[in-house]
Amino acid sequence: MTDFSNSVLGVTGASGYVGRAVIAELKARGASKIVAITRDPARIADIAGVEARAGDFTKPDTLASAFDGVERLLLISASDVGQRLPGQLAAIDAAERAGVGHLIYTSITSPYPHPRHAVQNDHFWTEARLFATKGGWTSLRDNIYADFIVWEAAKTLEAGKIFHAAGDGRRAIVFRDDIAAAAAGALLTAEGRELVDVSGPDALSYADIAALLSRLGGRPVTAVDVGHEAQLKGITGAGLPPLLAEAFAGFDVAVRTGALAVIGNGVQRFAGRAPLSLEAALTRALKG
């Protein structure tokens with residue numbers, strides 16, 4: 001396995017949680033030529049040992065200078081679901097023009113084209129553009145964040161119910177720190193042109209998660225399948241605009257079909273460790 005720790009490594013989205021965690025992991029693993037790219041470099045003034053550059057996917061004219069001299073680049077998918085695709089395509093175009101040798105992209109497990117499921121759709125078409133590049137690339141197909149379940153554990157235990165629309169479908173949820181560690185490892189070692197699934201160790205249904213919360217939290221929790229239309233109505237009623245409501249409801253559609261049940265080896269391969277399990281994280285959170 002080739003070590004690219006002496007290469008110029010670029011990280012977009014450097015001010016976000018995953019971007020910051022990637023940079024910390026790169027530094028811990030010996031990388032010294034890190035270019036941290038974000039819309040506003042002032043937001044990463046606290047990160048030592050990096051070259052901060054301005055780069056905004058929605059302003060393609062900023063990307064040539066942002067990517068200049070970068071040899072390997074991590075494109076962290078933007079957060080503006082349903083609106084980010086043009087900017088992500090522009091970023092890949094700019095990276096090619098800048099002569100970036102290897103691109104790493106944070107995708108999703110089993111993306112597919114769908115006009116109303118914006119998360120999967122954005123990733124599907126970004127990957128399609130990635131596949132058309134002439135250089136090396138690695139698409140890290142990250143499963144859904146497990147962090148949300150831990151954050152909401154106390155509220156879920158109090159409510160006693162998890163509402164969903166996924167049937168018996170399972171998802172191999174993964175923690176953001178593991179996603180970041182895998183992305184850093186890919187930036188340091190990945191070669192060729194490859195899809196890599198990044199997941200947690202277990203594919204869990206909502207019933208599995210409810211049982212886990214019940215056992216660890218000491219209170220009964222039941223998973224209640226309300227169906228897609230009721231879920232969509234509930235999400236819209238909570239104040240989300242229709243585009244985002246459809247996007248988030250689309251997750252459970254994907255879970256129901258089995259699209260997110262894939263257990264991959266991305267964390268083990270690129271981070272050199274086993275991914276954190278939901279049980280271990282909940283045990284730590286609930287037992288103090």
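Values quoted throughout were computed directly from the atomic coordinates according to the rules given, and no laboratory measurement underlies them. Keep in mind the model is a prediction, meaning the values are calculated, not measured. Reconstructed Cβ throughout: ideal geometry from the backbone, glycine too, with neighbour counts over all protein chains shown.
What the table below lists for this structure:
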| read-out | value |
| --- | --- |
| Coil-residue GluC sites (Glu not before Pro) of the range 31-133, DSSP, other Cβ within 10 Å capped at 12 | none |
| Helix axis angle, 85-98 relative to the chain longest principal axis, alpha carbon, degrees | 30 |
| Spin-label proximity, Ala28 to the range 159-196 - amide N less than 16 Å from point 7 Å beyond Cα toward beta carbon | 175-188 |
| Candidates Leu130, Leu140, Leu212, ranked by Gaussian network fluctuation over the chain, Cα under 10 Å, top entry | Leu212 |
| Other-chain or far-sequence residues with amide H under 5 Å of Thr138's (modelled H) | Leu103, Ile104, Tyr105, Glu194 |
| Residue order, fewest to most surrounding Cβ atoms within 10 angstrom, among Val174, Val18 | Val18, Val174 |
| Degrees, to the nearest 10: 118-131 long Cα axis against longest axis of the chain | 30 |
| Proxy reagent accessibility, fewest Cβ within 10 Å first, across Glu279, Glu158 | Glu158, Glu279 |
| Angle in degrees between helix 278-287 and the longest Cα principal axis of the chain, rounded to the nearest 10 | 70 |
| Listed residues Pro41, Pro111, Pro275, most fluctuating in the chain (Gaussian network, C-alpha, under 10 Å) | Pro41 |
| Arg215/Trp125 FRET efficiency (R0 45 Å; Cβ-Cβ; nearest 0.05) | 0.65 |
| Partners for Lys287 among lysines (Cα-Cα distance below 19 Å; same-chain residues under 8 apart left out) | Lys155 |
| Among Asp252, Asp80, Asp122, residue whose mean-square fluctuation peaks in a GNM of the chain (springs only between Cα atoms under 10 Å) | Asp80 |
| Within the chain, longest stretch clear of exposed trypsin sites (Lys or Arg not before Pro) (DSSP loop, no more than 13 other Cβ within 10 Å) | 135-272 |
| Separation of the Tyr112 and Leu244 label points, Cα + 7 Å toward Cβ, nm | 2.5 |
| Difference of contour (0.36 nm per residue) and Cα-Cα distance, Ala230 to Glu152 | 26.0 nm |
| For a label point 7 Å along the Cα-to-beta-carbon line of Arg193, residues of the range 57-82 with backbone N under 20 Å | 71-75 |
